[in-house]
Structures are given as C-alpha cells and as structure tokens.
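See below for the structure under consideration.
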Amino acid sequence: MNILIAEHDQEVRSQIRDYLTKQNHKVFEADNEEAALAVFQENYIEGGFIRLDLEKINGFKLLKTLKNINNYTPFVVVSLDTQKEVMLKALHL
C-alpha cells in the first residue's frame, strides 16, 4: 500500500515511516503542503496521515484539496487540538 505522511516533525514522520515500512508499505513523506500535494498528484496514494495543526501547512486545506482530487483515499487525521468541533470539521471533509 502506498501511504502519504504529511507531518512537519521529522522525528514523528520517521517513527510512522519506520512502522509502516516494517509492515511492507511504501511510504511517501512531506513536510509541507506543496510537497504533500505533489506526492499525491505524482503517485498512486492509497491512504495517508495528515497532521491538521502543522507548521507551514494548513491541514484542513490540504485534506480538502486531496479529497477533491480523490474522495476515496482514506486519511488518518492527527491533531493536538482536543476541541470536538475541530475533529468534526475534519470528518466532514
């Protein structure tokens, strides 16, 4: 499975990447919105992890853009924000 990780923290990306590659997934990494969009457009991405509250990335905007390209690609959203409204907004994208 081809998986995109959109996360600004290199250590977090590395931990997720290491786990997924041990499970035989091919991992594509991006630390900003432009890189994530380019990876998504240039590769067959079957799922991903997007951090909503990223430096250099508007996670909501990125998720909406990616879902507009392919609404069938599932994403796990990660956020430090614990407000219910934030997570509900992400679920509705």
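Just a few scattered comments:
- Spatially proximal aspartates and glutamates relative to Lys61 (Cα-Cα < 12 Å; intrachain offsets below 8 disregarded): Glu33, Glu34, Asp53
- Counting charges near Arg51 (Lys, Arg +1; Asp, Glu -1) among other residues having Cβ under 9 Å from its Cβ returns a value of -3.
- Each Lys or Arg adds one and each Asp or Glu subtracts one; over the other residues with Cβ under 13 Å from the Cβ of Asn2, this totals -1.
Coordinate-derived values only; no laboratory data. Predicted, not measured: the structure shown is a model, and the values here were computed from it. Glycine also receives a Cβ, built like all others from the backbone with ideal geometry; neighbour counts cover every protein chain displayed.
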